[in-house]
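First comes the structure, then the notes that go with it.
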Amino acid sequence: MKPVRFDYHRPATVEEAIALLTRYGGEAKLLAGGQSLMPLMNFRVARPAALIDLNAIASLAYIREDDGHVRLGAMTRQRAIEFSPVVRQRLPLLAEATALVGHLPIRTRGTIGGSLAHADPSAEYPAILTALEGTVVARGPRGERTLGASELFETYLTTSLGPDEMLVEVRVPAMPEGAGFAFEEFSRRHGDFAIVGIAAMLVVQGERCTAARLVTAGAGPVPIRLREAEEILERDGCSTAAIEAAARRAGELVDPDTDIHASAAYRRNLTRVLTGRALRRAIARLGGR
Ligand SMILES: Cc1cc2nc3c(=O)[nH]c(=O)nc-3n(C[C@H](O)[C@H](O)[C@H](O)COP(=O)(O)OP(=O)(O)OC[C@H]3O[C@@H](n4cnc5c(N)ncnc54)[C@H](O)[C@@H]3O)c2cc1C
């Protein structure tokens, strides 16, 4: 099938893009990499009156280190993130997760802003934004606002962005030096969306785990921070018993839906198994090993 007719605009600045969004009053869609939007339009699930193509706004594509944070422009391609030395050094969890996003041609076009705005619950980037306590900057006719992950993601494919707002930047605090990390996921074929994914980060001093982060992809309508599982590690350290207890708790904390890809029970079990795997791999990497 082909999309229904739509107007096409290719603004040169963010201000022009926002003016166009305002003019169409919620009936226009921003076009970033097109890797999620175009299939939806071809199936006529999305029928925007206009496309506002962001690909001519060069100022929206960058990766910069700034005051303990990494700042990524919304139009930064996933492929650029995968191979960025700054990301590899400061946000290795993001680099690892990016390699799991679709296939090479998808990452070559797909952008970080498009993935976060699309808010697919199985996508890697929403889970990473949650795990690394990053924020996004949204700009609209009334100015800018900064949103954390829990403020951005509302439910399946739905964010709190207004119809006249766009994402312009993603800000992620640099991971602590020597942190252990891993992104584990299970999908039927390489490059498919994950049935369940787990983002893990551990900070350890001596015998103590001073910070643990565990976040799901695909185990609910939005990424889920598994705080009670994290607390087990922060209290009991990273022993085999603590890892098993945290993984078990992780499986209990999620309440996924059954869909055509997997049952709720299967997703719950995957959450348990993948949390254990992610934690063991994160521990093996502690201290830059
Ligand atoms: C076969 C296939 C496999 C895939 N596998 C995975 C996978 O394993 N993991 C994964 O995470 N993704 C996967 N994807 C999706 C891919 O990562 C997309 O690139 C991503 O979800 C959307 O990014 P995009 O830049 O292409 O956005 P687009 O498709 O252009 O836009 C997506 C949505 O975001 C909105 N939008 C775009 N930019 C902005 C902005 N700056 N501000 C506000 N709204 C904006 C658009 O209007 C649209 O509603 C897959 C896609 C395909 C086709």
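Can you tell me which residues in region 180-194 are within 11 Å of the ligand (Cβ to nearest atom), surrounded by fewer than 24 Cβ atoms within 10 Å (Cβ to Cβ) and not charged (D, E, K, R)? Matches in region 180-194: Ser187, His190, Gly191, Phe193. Got at least one residue in region 264-281 being closer than 17 Å to Thr216 by Cα, free of Cβ contacts under 8 Å to residues at least 12 places away in the same chain and either assigned to a helix (DSSP H, G or I) or assigned by TED's automatic domain parsing to the domain that holds Phe193 (or both)? Yes, the conditions are met somewhere in region 264-281.
Considering every residue within region 121-136, establish whether at least one is closer than 18 Å to Leu30 by Cβ, surrounded by fewer than 24 Cβ atoms within 10 Å (Cβ to Cβ) and either among the charged types (D, E, K, R) or free of Cβ contacts under 8 Å to residues at least 12 places away in the same chain (or both). No, the conditions are met nowhere in region 121-136. Taking the conditions (1) more than 10 Å from the ligand (Cβ to nearest atom); (2) under 12 Å from Met166 (Cα atoms) in turn, Leu21 satisfies each one other than (1).
Of everything in region 221-249, what is in contact with a strand residue (DSSP E or B) (Cβ under 6 Å, 6 or more places away or on another chain) and not charged (D, E, K, R)? Give them in sequence order. Across region 221-249, the qualifying residues are Pro221, Val222, Pro223, Ile224, Leu226, Ala229, Leu233, Gly237, Cys238. Here Arg44 meets the list (1) surrounded by fewer than 17 Cβ atoms within 10 Å (Cβ to Cβ); (2) basic (Lys, Arg); (3) part of a strand (DSSP E or B) almost entirely, failing just condition (3). Applying the condition of being of a type in the set (Gly, Ala, Ser) and farther than 25 Å from Ala212 by Cβ to region 79-114 and asking which residue is farthest from the ligand (Cβ to nearest atom) yields Ser84.
The values are calculated or read from the model by the stated rules, or taken from the named source; none is laboratory data. Keep in mind the model is a prediction, meaning the values are calculated, not measured. When we count neighbours, we look across all protein chains shown, and the Cβ atoms used for this are built from the backbone with ideal geometry, even at glycine.
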